[in-house]
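Engineer: Quick one: the structure is below, and I'll ask about it shortly.
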RNA sequence: UCCUCGUUAGCUCAGUUGGUUAGAGCACCUGACUGUUAAUCAGGGGGUCCUAGGUUCAAGUCCUAGACGAGGAGCCA
């Protein structure tokens, strides 16, 4: 029995076992040639590059060769040889070909020439087969893996927070309701409101908008934890930076103060960038060439430079003294607009900026209050091109301070009694932050629209695939 | 949700002050070419000009409404 080398395209391209009999399976990107010889560029998703299959047409049925069109799927048996052509080092001289699946050229939407990203979004079920999405999706995997690796190596535990939560919890944005009630015949309370007592959970429930509050419980038991899971926002946001369903990484650390929190955020982001550059350079080079010529330089730059650490008050001062005309005027106490963040990051410092100590009135109730009575220990990491990539803070661990803040803001104590209780039982200083995974992917890939860094984007009015 | 722009062949787009039968490149099909590199060359087929109304002798072109898409803003990650 002949020994067959069953390797993927990535492995075959790196192989030098010329003369070896091999089998390769994949999808046809292009076919070209003439009456006597055909060249097929075959890709199996393992790597951005294709392997060239050389077909002496005389050795095969004409009908078989006709079936080999862009998008069709093949199993090719052949000999791995050094290429006599210019474009590649190795190629496969085909001896046997099975067409697993044809792709009728009249109706197959993907062509071997360029498509717009907007068009590819309309055929999201096929776009993973393109070079661009192959690269993006391999990098998406790489970043997922590197995130687990980073935290695992540093003693963090992966902590699973619930996706379905009681809905009247505080926090960001509108929520998607989860119910098994008959929407066409809702039970009503005597006051005429929906009666949830007969609903699946016996009360109103929704998809989570953040795992942070539960994550804090984990940190106050296991020390250092991180979450990495989907979150859901029912906001009607139509921008290149927002999704209705996105993935978030939320580390939470007992005994970390804001400074250590910042150090972790910076080290973490640099680790991920370095991981991509060192392990997925081919995909980055492709994306750099095709979509964003400054991608590699920008990644290198962020990697090599310290992030600027700046207090909100200082930032506001810089903005007010800048002489720059802003659409929204700057004064102490305002929430910074995109234009302000962009000015600080892209014009003034030309580096990533970590902005800290925001006015308490524009930040969440759980952030640790500073002694000045005006600010809280929040930190936002601002990146060039995409703006806020991380938001985090040291958490308020003092029960009375936290409770008074909850009351000030008129939040419902009943729904987060368990969260407040952590400050009654063995409370500890702790900190954490949230990283939007797709925001990270925008930065890593250089893609401009967040719908192009997730396989199946969920946005208002978009749920076909 | 607000503002701006857009929607013409499978894809990317052109289409002049409203005027005869709506064009190009690529893709596809046919043919040519002994090794191509998003192959090349020649020929061919392919259109609900987003939808519905309206103005006009005449609408892809002007008006109104709607649908969809993109960019910016807000919300945020």
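The values are calculated or read from the model by the stated rules, or taken from the named source; none is laboratory data. Being a predicted model, the structure only gives us computed values, none of them experimental. Neighbour counts are summed over all protein chains in view; Cβ atoms, including those assigned to glycine, are modelled from backbone coordinates with ideal geometry.
Engineer: Mind checking which residues of the stretch A:63-82 are exposed (fewer than 14 other Cβ atoms within 10 Å of the Cβ), within 10 Å of RNA strand B (Cβ to nearest atom) and not in a strand (DSSP E or B)?
Structural biologist: Matches in the stretch A:63-82: A:66 only.
Engineer: Look through A:391, A:387 and report the one residue that is out of contact with any helix residue (DSSP H, G or I) (no Cβ under 7 Å at 6 or more places or on another chain) and closer than 15 Å to residue A:336 by Cα. Spell out the reasoning first.
Structural biologist: On the way: A:387 fails: out of contact with any helix residue (DSSP H, G or I) (no Cβ under 7 Å at 6 or more places or on another chain).
A:391 is the lone residue from the list that is out of contact with any helix residue (DSSP H, G or I) (no Cβ under 7 Å at 6 or more places or on another chain) and closer than 15 Å to residue A:336 by Cα.
Engineer: Determine whether residue A:133 is within 19 Å of residue A:246 (Cα to Cα), surrounded by fewer than 15 Cβ atoms within 10 Å (Cβ to Cβ) and under 18 Å from the mean Cα position of the chain (by Cα). Even if it seems obvious, please write down each step before you answer.
Structural biologist: Numbers: within 19 Å of residue A:246 (Cα to Cα): yes; surrounded by fewer than 15 Cβ atoms within 10 Å (Cβ to Cβ): no; under 18 Å from the mean Cα position of the chain (by Cα): yes.
No: the conditions fail for residue A:133.
Engineer: So, in the stretch A:388-421, of the ones that are at pLDDT 95 or above and part of a loop (DSSP other than H, G, I, E, B), which residue ends up nearest to the chain's Cα centre (by Cα)?
Structural biologist: It comes out as A:396.
Engineer: Please state which of the following conditions residue A:431 fails to meet, knowing it meets all the rest: (1) assigned to a loop (DSSP other than H, G, I, E, B); (2) within 16 Å of RNA strand B (Cβ to nearest atom).
Structural biologist: Single failed check for residue A:431: (1).
Engineer: Still on this model: Report, by residue number, each residue of the stretch A:83-115 that is part of a loop (DSSP other than H, G, I, E, B) and more than 7 Å from RNA strand B (Cβ to nearest atom). Working first, answer last.
Structural biologist: Residues of the stretch A:83-115 that are part of a loop (DSSP other than H, G, I, E, B), as a first pass: A:83-89, A:102-115.
The answer is A:89, A:102, A:103, A:104, A:107, A:108, A:110.
Engineer: So, one more: Taking the condition of being in contact with a strand residue (DSSP E or B) (Cβ under 6 Å, 6 or more places away or on another chain) and either under 25 Å from residue A:303 (Cβ atoms) or part of a strand (DSSP E or B) (or both), how many residues in the stretch A:360-387 meet it?
Structural biologist: 11
Engineer: With the structure loaded, tell me whether residue A:118 is touching a strand residue (DSSP E or B) at 6+ places or on another chain (Cβ under 8 Å), near RNA strand B (Cβ under 10 Å from one of its atoms) and either assigned to a helix (DSSP H, G or I) or under 17 Å from residue A:46 (Cβ atoms) (or both) or whether it fails that test. Full working, then the answer.
Structural biologist: Working: touching a strand residue (DSSP E or B) at 6+ places or on another chain (Cβ under 8 Å): no; near RNA strand B (Cβ under 10 Å from one of its atoms): yes; either assigned to a helix (DSSP H, G or I) or under 17 Å from residue A:46 (Cβ atoms) (or both): yes.
No.
Engineer: Something else: Return the residues of the stretch A:175-203 that are part of a strand (DSSP E or B) and under 30 Å from residue A:459 (Cβ atoms); say none if nothing qualifies. Before the answer, list the steps.
Structural biologist: Within the stretch A:175-203, the subset part of a strand (DSSP E or B) is A:177-178, A:188, A:194.
Those that are part of a strand (DSSP E or B) and under 30 Å from residue A:459 (Cβ atoms): A:177, A:178, A:194.
Engineer: Here is a check on your reading of the model: is residue A:400 surrounded by fewer than 16 Cβ atoms within 10 Å (Cβ to Cβ), in the same structural domain as residue A:362 (by TED's automatic domain parsing), within 25 Å of residue A:259 (Cβ to Cβ) and more than 10 Å from RNA strand B (Cβ to nearest atom)? Can you show your working first?
Structural biologist: Details: surrounded by fewer than 16 Cβ atoms within 10 Å (Cβ to Cβ): yes; in the same structural domain as residue A:362 (by TED's automatic domain parsing): yes; within 25 Å of residue A:259 (Cβ to Cβ): yes; more than 10 Å from RNA strand B (Cβ to nearest atom): yes.
For residue A:400, the condition - surrounded by fewer than 16 Cβ atoms within 10 Å (Cβ to Cβ), in the same structural domain as residue A:362 (by TED's automatic domain parsing), within 25 Å of residue A:259 (Cβ to Cβ) and more than 10 Å from RNA strand B (Cβ to nearest atom) - is met.
Engineer: Any chance you could count how many residues in the stretch A:1-50 are away from RNA strand B (no atom under 16 Å from the Cβ) and not in a helix (DSSP H, G or I)? Step through it out loud before you land on a result.
Structural biologist: Residues of the stretch A:1-50 away from RNA strand B (no atom under 16 Å from the Cβ): A:1-8, A:10-11, A:14-17, A:20-21, A:23, A:25, A:44-46.
Right, trim to not in a helix (DSSP H, G or I) and you get A:1-8, A:15-17, A:20-21, A:23, A:25, A:44-46.
So the answer is 18.
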